[in-house]
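The values are calculated or read from the model by the stated rules, or taken from the named source; none is laboratory data. The model shown is predicted, which means the values in this text are computed figures rather than measured ones. Glycine gets a Cβ as well: all are built from the backbone with ideal geometry, and neighbour counts include every protein chain shown. Areas reflect the complete protein model, heavy atoms only, side chains present, ligands, DNA and RNA absent. Shrake-Rupley method; radii C 1.70, N 1.55, O 1.52, S 1.80 Å.
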Amino acid sequence: MNRIELRLRSGKQLIPFLMAGDPNLEVTLDLIQMLQEEEVAAIEIGVPFSDPTADGPAIQLAAERSLRKKTYLKDVLLLGKQAQARGLDVPLILFSYSNPLYQYGFQELIHDAHQSGFEGIIVPDLPYEESLALRALAESYGIAVIPLVAPTSGARMEKIVEGASGFIYCVSSVGTTGVRTTFNPEVELFLNEVRRVSPVPIAVGFGISQVEHVRYFHQHADSVIVGSAFVQQIEAVSHLLTQLETRSEGISMLRQFVRTLKSK
Amino acid sequence: MMKNDHFTRTRFGDFGGQFVAETAMYALEELEAGYLEAIANPAFVEELGHYLHTYSGRPTPLTYAKRLSEQIGGAQIYLKREDLNHTGAHKINNALGQALLAKRMGKKKLIAETGAGQHGVATATAASLLGLECTVYMGEEDMARQQLNVFRMELLGAKVEAVSSGTKTLKDATNEALRQWVAKVEDTFYLIGSAVGPHPYPTMVKYFQRVISDEAREQILTQTGRLPQDVIACVGGGSNAIGMFAAFLTDEEVRLHGVEAAGSGLSTEKHAASLSKGTPGILHGMKSYILQDQNGLVSPAHSISAGLDYPGVGPEHAFLKETGRVGYHAITDDEAMSALVELCQTEGILPALESAHAIAYAIQVAQKRSPEEVLVVCLSGRGDKDVETIRRVMGGGSI
């Protein structure tokens, strides 16, 4: 069984998203360490892309900031190696749009991602029908290709979850990633349905920014994914993170944010 | 690559597909079903034909460019006059088709992306005609460069939303329209302006644009008694070109030529020639040729012609390039400008800068052919919108 799945099954309830290289790769590595200490289930590591069509403004801007620092897929893979070298073992999930992966070559990518310690991969613009080749390759290395399901997936849901590994990424509402204040109450029915058909744990993402959201979704899912809200918190303290003498101050503020989200 | 039913249905060879978020799959499935139902329905086909005829002025003429042909001294050049459509370009063929489909599917709102504003104007026009709400996404850079078209869209009752992400141009406006569509699909229809995007858009846009070559093929047969040796069209996303090629694809003796924008030259970084200089990649929901760096990041395109200024191309063109059925070439800004002036002064026709690329290449081809031979060029739009740009490029003074 994939280790991400094991950790979700053992009750770890938070999956934060980091945009690699925002504000810089060194800080990203320190943040991975902090998140491991806070015992998150896994960490999504975003590869910045020029045309992030599934993302809202917060992650778009984070990608633009990271691209200005020339963070590319190869650097993100190297980051995984550096995390290993530092003795970190929290499961990492590579999050990338399909074109950078396609240019790298799927075969080589899966090989290198495995070498770099990535245990899952999320490709937001690779729906089930387009993902079969990547899935087959990833499975042979024990990497979970995490599928997304949406409230609009309908009849597609069963084929998407069949044979899934890791977990199912449930999109809380239609649209792009980004902070929301409220959710459609029908999301509960959707999550219950995914849970019923899924062979693996389920996690909810898109719009989750407050502890109230986390508590609410934990009633209906195994874990929550916090992306845009975390990225915004990082941006808010990036002036602290980029200076060596104030970095630990910035990191403890982010640690506090994570602890607040996890508070029962 | 695994070839399942989905693969076969959504591809041109290896190109095309549906590289979109899971949240968009429902919207695409609904669109595909609506589109297939509509085109199989004679009432829809008749209604579209009615608007094309009584509103847009179709069929557009096929004009023999006699003085231009004689001056070159080669093949006889015929111009398919898409510039004589309502709103001044072929864009209206597709905008009317998709807007009628939107209405049939019960959608109340249209959204569209636009670069220079031509597709935005066509969409705003169709929305006004059919009583639909319209929002057009446009990059901030483009809005600053095309203030008149922004005003024109607003005059037609559309809302123009500025897009400030990425390069603030057409590709980013397309990203934003895709995002907005997915969030609002219940009452909103995304009217893509070119033969690009995820399946079924490339196929659907071709369907609505093939009227160009259905007419042109019949007209050239009537006027000259034979098929042309060559058919030529400019390629940005590739909608006028795919419309111009469609009826000739099975006429094996007809040579087809697509003309991309070489900008400052193919040896520079300032061009928009995705087929000539790009590589296969994934952008805007499709696998096609795109301009990109080795890390898979999309590079900005450059052309004097805003309508060709796009770092991708429709997936069927990628397929037609690989099979060799269509030859793709590129024309620089300067060559397009010269051809534009030549057409103005020999025929009294001011072509759009986009179409001037096709004219420039047609002149090169005509020179190599004998006066008995015939070629047809798609004059995709008129150049009134470009007068300011042309004047600026010429130094603001006289010819």
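Can you give the mean number of other chain Cβ atoms that lie within 10 Å of the Cβ atoms in peptide A:44-55?
Numbers: counts 0, 0, 0, 2, 2, 5, 16, 16, 4, 14, 9, 4.
Mean partner-chain Cβ count within 10 Å for A:44-55: 6.
Which cross-chain or sequence-distant (5 or more) residues have an amide H under 5 Å from the amide H of B:Tyr78, H modelled 1.01 Å from N in plane?
Those lying under 5 Å, H to H, from B:Tyr78 are B:Ala65, B:Leu375, B:Val376, B:Val377.
Would you mind working out the accessible area per residue for the range B:1-62, using a 1.4 Å probe, and quoting it in Å²?
Values: 2910 Å² over 62 residues.
Value returned for the range B:1-62: 47 Å² of accessible area per residue.
At 1.4 Å probe size, with every protein chain present, just tell me what the per residue accessible area of the range B:354-399 comes to in Å². List each step's numbers first, then the result.
Values: 2080 Å² over 46 residues.
Each residue of the range B:354-399 exposes 45 Å² on average to a 1.4 Å probe.
Tally Lys and Arg at +1 and Asp and Glu at -1 over the other residues with C-beta under 15 Å from the C-beta of A:Asp22: what net charge comes out? Mind dumping the intermediate values first?
Values: positive: A:Arg65, A:Arg68, A:Lys69, A:Lys70, A:Arg247; negative: A:Glu26, A:Asp30, A:Glu44, A:Asp55, A:Glu64, A:Asp75, A:Glu235.
Surrounding charge for A:Asp22 is -2.
What is the distance in Å between the Cα centroid of the range B:312-370 and that of the range A:213-227?
When both Cα centres are located, 56 Å separates them.
Scan around B:Arg255 for amide H atoms under 5 Å from its own, H built in the peptide plane at 1.01 Å from N, and keep only partners 5 or more places away or cross-chain.
Residues meeting the criterion, in which the H sits 1.01 Å from N, are B:Asp230, B:Val231.
Within 10 Å of each Cβ in B:289-297, how many Cβ atoms from other chains are there, averaged over the peptide? Write down the numbers at each step before the final one.
Values: counts 0, 2, 0, 5, 3, 4, 15, 14, 11.
Mean shielding count: 6.
I need the calculated FRET efficiency for the pair B:Tyr55 and B:Arg9, taking r as the beta carbon distance and R₀ as 35 Å, to the nearest 0.05.
On the way: r = 33 Å, r/R0 = 0.94.
Here the calculated transfer efficiency is 0.60.
With +1 on each Lys and Arg Cβ and -1 on each Asp and Glu Cβ, how big is the dipole of chain B about its Cα centre, in debye rounded to the nearest 20?
Working: 37 positive and 47 negative charges, 44 e Å.
I would put it at about 220 debye.
Can you list the residues, at least 5 places off or on another chain, whose amide H is less than 5 Å from the amide H of A:Val204, using H built in the peptide plane?
It is A:Cys170, A:Ser223, A:Val224, A:Ile225, by chain and number.
Taking the alpha-carbon centroid of each part, what is the distance from the range A:33-89 to the range A:116-142 in angstrom?
So the two Cα centres are separated by 17 Å.
Can you tally the net charge around B:Gly265? Count Lys and Arg as +1, Asp and Glu as -1, for every other residue whose Cβ sits under 15 Å from the Cβ of B:Gly265.
Details: positive: B:Lys270, B:Lys277; negative: B:Glu260, B:Glu269, B:Asp333, B:Asp334, B:Glu335.
Computed value for this residue: -3.
Which of B:Leu156, B:Leu256, B:Leu191 moves most in a GNM of chain B, Cα contacts under 10 Å?
Fluctuation is largest for B:Leu156.
Run through the DSSP bridge list for the protein assembly as shown and note the antiparallel percent, rounded to the nearest 5.
Just about 20 percent of them are antiparallel.
Using a Förster distance of 60 angstrom, determine the FRET efficiency expected from the C-beta separation of A:Arg9 and B:Thr323, and round it to 0.05. Present the calculation step by step, with values, prior to reporting the outcome.
Numbers: r = 50 Å, r/R0 = 0.84.
The formula returns an efficiency of 0.75 here.
At 1.4 Å probe size, with the rest of the protein present, what percent of the exposed accessible area of the range B:1-133 is carbon and sulfur atoms? Before the final figure, lay out each step's value.
Details: 2650 of 4910 Å².
Summing carbon and sulfur atoms, their accessible area is 54 percent of the total for the range B:1-133.
In deg cm²/dmol, rounded to 500, what helix-only [θ] at 222 nm does the protein assembly as shown give when every DSSP H run of at least 4 residues adds -39500 (n - 2.57) and the total is split over its residues? Mind showing how you got there, number by number?
Values: 30 runs with 309 residues, N = 663.
Result for the protein assembly as shown: -14000 deg cm²/dmol, rounded to the nearest 500.
Given the options B:Gly120, B:Leu110, B:Gly97, identify the residue whose Cα lies farthest towards the positive end of the charge dipole of the range B:88-151 (+1 on Cβ of Lys, Arg; -1 on Cβ of Asp, Glu).
Positive-most Cα among the choices belongs to B:Gly97.
Under 10 Å, Cα contacts only: if you run a Gaussian network model on chain B, which one of B:Val185, B:Val235, B:Val160 comes out with the highest mean-square fluctuation?
The residue with the greatest mean-square fluctuation here is B:Val185.
Count neighbours as other Cβ atoms within 10 Å of each site's Cβ, and list the GluC sites (Glu not before Pro) in the range B:313-393 that are DSSP loop with at most 11 such neighbours. Mind showing how you got there, number by number?
On the way: sites: B:Glu316, B:Glu322, B:Glu335, B:Glu342, B:Glu347, B:Glu354, B:Glu372, B:Glu373, B:Glu388; in loops: B:Glu372, B:Glu373.
Listed in order of number, the matching sites are B:Glu372.
Over the whole of A:90-100, what's the average partner chain Cβ count within 10 Å per residue? Rounded to a whole number, please.
Working: counts 0, 0, 0, 0, 0, 0, 1, 5, 7, 12, 6.
Mean number of neighbouring Cβ atoms from other chains: 3.
Find me the longest stretch of chain A that has none of the exposed GluC sites (Glu not before Pro), where exposed means in a DSSP loop (not H, G, I, E or B) with at most 12 other Cβ atoms within 10 Å. The partial results should precede the final answer.
Details: sites that count: A:Glu162, A:Glu186.
The reported range is A:1-161.
Roughly how large is the A-B contact in terms of buried accessible area, totalled over both chains, probe 1.4 Å, nearest 100 Å²? Numbers along the way, then the final one.
Values: alone 11440 and 15890 Å², together 24320 Å².
The A and B chains share an interface burying roughly 3000 Å².
With unit charges on the beta carbon (Lys/Arg positive, Asp/Glu negative), name the residue among A:Ala150, A:Ala164, A:Val224 whose Cα is farthest towards the positive pole of the charge dipole of chain A.
A:Val224
Local charge sum around A:Gly205 (other residues, Cβ-Cβ under 13 Å, Lys/Arg +1, Asp/Glu -1)?
Working: positive: A:Arg180; negative: A:Glu44, A:Asp55, A:Asp222, B:Glu22.
Around A:Gly205, the charge tally is -3.
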